[in-house]
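A quick write-up on the structure given underneath.
The values are calculated or read from the model by the stated rules, or taken from the named source; none is laboratory data. Quick caveat, the model's predicted, so the values are computed rather than measured. Neighbour counts are summed over all protein chains in view; Cβ atoms, including those assigned to glycine, are modelled from backbone coordinates with ideal geometry. SASA here: full protein model, heavy atoms, side chains in, ligands and nucleic acids out. Shrake-Rupley method; radii C 1.70, N 1.55, O 1.52, S 1.80 Å.
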Amino acid sequence: MTELDDSVAGAGGPTLILPRSIREVIVARAREGHPEEICGIFGGEYGPERSHVRSQYPAENVAETPRTRYRIDPEAQLERFERLEARGEEIVGFYHSHPQGPPRPSETDVASATWPDRSYVIVSLAPLEIGSWRWRSSDGEAGIENATDGGRFERERLVLE
């Protein structure tokens, strides 16, 4: 695994705390979904610099080319948002897999990111690695850039509990 650290003491930058049980579920989904990308939503406690995942809500990938892209149907996404909010959770972020790619945002991921300060977790299967990123809508800092609006993905510390 990359960027996995069991301690949050003294760390700078954004952090996502992910229960090992949820990590196992999303990795299993990624393997079962191969060769297509899988996707879903994280619920829990949201903070712009530190979030804690409490649950995951799988979603069907409705992209036209699911082997290289993911898309959650807007109605299904809204239904999951309502469900997690009814449980007293906040939208922490999203996850998807890269069956053949690295655990970092692709150009397509950058172009379609829309939730500022939320986590985007990417499960890579070849080799198995997990990367976590925060979408930032401001400019001026290092990251994977979106040329159209100045937004960027910032590497996030992923902490397993």
Express as a percent, rounded to the nearest 5, the fraction of DSSP beta bridges in the chain (both residues included) that run antiparallel.
65 percent
Report the calculated FRET efficiency for GLU154 and THR114 (r = Cβ-Cβ distance, R0 = 22 Å), to the nearest 0.05.
0.90
Would you kindly state the longest site-free stretch of the chain, with sites defined as trypsin sites (Lys or Arg not before Pro) in a DSSP loop (not H, G, I, E, B) surrounded by at most 16 other Cβ atoms within 10 Å?
88-161
Contour minus Cα-Cα distance for GLU107 and SER55 (0.36 nm per residue)
16.0 nm
Report, by chain and number, residues whose modeled amide H sits under 5 Å from the one on GLU156, excluding near sequence neighbours (fewer than 5 apart, same chain).
SER132, TRP133, ARG134
Let me see the P(r) profile for the chain: every Cα-Cα distance counted, bins of 5 Å, each bin given as a percent of all pairs.
2, 10, 19, 23, 23, 16, 7, 1, 0
Under the Karplus curve 6.51 cos²θ - 1.76 cosθ + 1.60, θ = phi - 60°, whole-Hz ³J(HN,Hα) for the stretch 52-62, x wherever Gly or Pro sits
10, 6, 10, 7, 10, 10, x, 9, 6, 7, 9
Taking a probe of 1.4 Å and leaving out DNA, RNA and ligands, the chain shows per residue an accessible area in Å² of 49 Å²
Rounded to the nearest percent, how much of the accessible area of the chain (1.4 Å probe, protein heavy atoms only) is carbon and sulfur?
47 percent
Overall dimensions of the stretch 16-106 by Cα: Rg and Dmax, Å
13.0, 36
Applying the Karplus parametrisation 6.51 cos²θ - 1.76 cosθ + 1.60 with θ = phi - 60° to the phi angles of the stretch 153-161, what ³J(HN,Hα) value in whole Hz is obtained for each residue in order, glycine and proline being reported as x?
8, 10, 4, 10, 6, 10, 10, 8, 10
